[in-house]
1. Gain in length, residue 11 to residue 36, computed as 0.36 nm per residue apart minus the alpha-carbon separation, to one decimal in nm?
2. In nm, give the distance between the simple-model label positions of residue 45 and residue 4, each being 7 Å from the Cα along the Cα-to-Cβ direction.
3. As I understand it, the dipole of the stretch 118-158 uses +1 on the Cβ of Lys and Arg and -1 on the Cβ of Asp and Glu, about the Cα centre. Which of 134, 124, 156 lies farthest toward its positive end?
4. Calculate one ³J(HN,Hα) per residue across the stretch 17-28 by plugging θ = phi - 60° into the Karplus curve 6.51 cos²θ - 1.76 cosθ + 1.60, and present them in order as whole Hz with x for glycine and proline.
5. As I understand it, the dipole of the stretch 12-56 uses +1 on the Cβ of Lys and Arg and -1 on the Cβ of Asp and Glu, about the Cα centre. Which of 42, 54, 29 lies farthest toward its positive end?
6. If I compute solvent accessible area with a 1.4 Å probe over the protein chains, what percent of it on the stretch 1-79 is carbon and sulfur?
7. At a probe size of 1.4 Å, how large is the accessible area of residue 47, to the nearest 10 Å²?
8. Given +1 on the Cβ of Lys and Arg, -1 on the Cβ of Asp and Glu, and no further charges, what dipole in debye does the stretch 1-55 carry about its Cα centre, rounded to the nearest 20?
Amino acid sequence: MAKQTRDAEFTEFVAARAPWLRKVAYLLCGDWHRADDLVQEAVTKLYVRWSRLSRLENLDGYARTVLVNTFLAEQRSPWGRWAARRRTGAVPEPAAAGPDLDLSVDLRRALAALPPRQRATVVLRHYCDLTVEQTAAALGCSTGNVKSQTSRGLDALRRSLDQQDRRDRQHRQDRTDLPHLRDLRPAVPVEGAAK
């Protein structure tokens, strides 16, 4: 009976938090499929420890920490290094249909280009709204490390978005320099062409 109660509590917790954990995982890895795998691995780790965890005050924080540590461990593994080298840099399609604004695509692309620790600190600080101290506890590092990683990550994001903005403006300028189709019509009518 106790196992059934424990399993019911765990199922309720996961059902309520899975979408949020999936969003955090996506921001960390930039791929919905990998995000699903990360969430599944984190949830499995939570289940193994659930009998002790269910008494924690901040279970959401613990789940987030497990997720971030799972992501960082994957990045350090040979598989993670191979996958990082193999990435094309393309932003994957979102799993759910819906409008995707150009800015959010650019931001996700810039976020995906950050090193894993910088990405983790930026996501925890600015998406999860954690304090410096909470982020340091989640990552198991000093507050100074969180501050420097966040600062470097935000600087890299700004540079990347500025470069993208310049490329977009140049692309728009190049398109306005192109001749219009009406300007490409032959000066002399072509035999048999519609008038």
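1. Details: separation 25, 0.36 × 25 = 9.00 nm, distance 1.66 nm.
Using 0.36 nm per residue and subtracting the Cα-Cα distance, I get 7.3 nm.
2. Here the answer is 3.2 nm between the modelled labels.
3. 156
4. Using θ = phi - 60°, the values come out as 9, 4, x, 5, 4, 5, 5, 4, 4, 5, 5, 6 Hz.
5. Positive-end residue among those listed: 54.
6. On the way: 2550 of 4520 Å².
Here it works out to 56 percent.
7. About 70 Å², rounded to the nearest 10.
8. On the way: 10 positive and 7 negative charges, 59 e Å.
Here the stretch 1-55 has a charge dipole of around 280 debye.
The values are calculated or read from the model by the stated rules, or taken from the named source; none is laboratory data. As the structure is a prediction and not an experimental result, all values here were calculated from the model. No Cβ is skipped: glycine too gets one built from the backbone with ideal geometry, and neighbour counts run over all protein chains shown. When the accessible area is computed, the model is the full protein with side chains, heavy atoms only, and any ligands, DNA or RNA have been set aside. Shrake-Rupley method; radii C 1.70, N 1.55, O 1.52, S 1.80 Å.
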